[in-house]
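The values are calculated or read from the model by the stated rules, or taken from the named source; none is laboratory data. These figures come from a predicted structure and were not determined experimentally. Backbone-built Cβ (ideal geometry, glycine too); neighbour counts: all protein chains shown.
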């Protein structure tokens, strides 16, 4: 879908966007937050289930927490921040300074309203930063919905993520480092064909400028 140069430029751009989100989170939490992006991949939704990013690679859990926002209009789609349930709980506990241990052997990790509020704030910062910078890149001011949080069973997650019609999906793996805590999650960004075309055209312009 992307050639090597396009993928490298896109990965560099997204890493820059994520650094901005990490800086904002550091201020919110009064703690240094490092977000790294080890891999970015763009696939058509029709190819997603056959990709190397199968369920276990992506989420490695029976239950996941998803936080999603819709955005548009000329550049439109839906963005998801996804964590395994135990990782989401660990992230919340780290953010609020909770010392309550998590029972990783249990598939029934309990979340309360405060947990979801924290996750909404985190996803709002990260997803808005990434999508907002995409808008800036292509010269469009985007509108967003507020984050929606769901706890879902893994076998339903693909339908949840891929029920966007004829789309392309950016798969972005993310690692969160907070003090001594390492948390892994994923960002999925579902885009229409026209939106992907706009983005790739802009990336090609940047490559042309780089090559002089």
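The set of residues in segment 60-75 that are within 21 Å of residue 167 (Cα to Cα) and either surrounded by fewer than 18 Cβ atoms within 10 Å (Cβ to Cβ) or modelled with pLDDT under 65 (or both) comprises 70, 72, 73, 74. When 38, 101 are checked against the criterion of being modelled with pLDDT under 85 and under 16 Å from the mean Cα position of the chain (by Cα), a single residue qualifies: 38.
In the set (1) surrounded by 14 or more Cβ atoms within 10 Å (Cβ to Cβ); (2) more than 13 Å from the chain's Cα centre (by Cα); (3) at pLDDT below 80, the condition left unmet by residue 47 is number (1).
On inspection, residue 146 qualifies as farther than 30 Å from residue 207 by Cβ, assigned to a loop (DSSP other than H, G, I, E, B) and at pLDDT 85 or above. Here residue 89 meets each of (1) buried (at least 20 other Cβ atoms within 10 Å of the Cβ); (2) at pLDDT 85 or above; (3) part of a helix (DSSP H, G or I); (4) touching a strand residue (DSSP E or B) at 6+ places or on another chain (Cβ under 8 Å) with one exception, condition (4).
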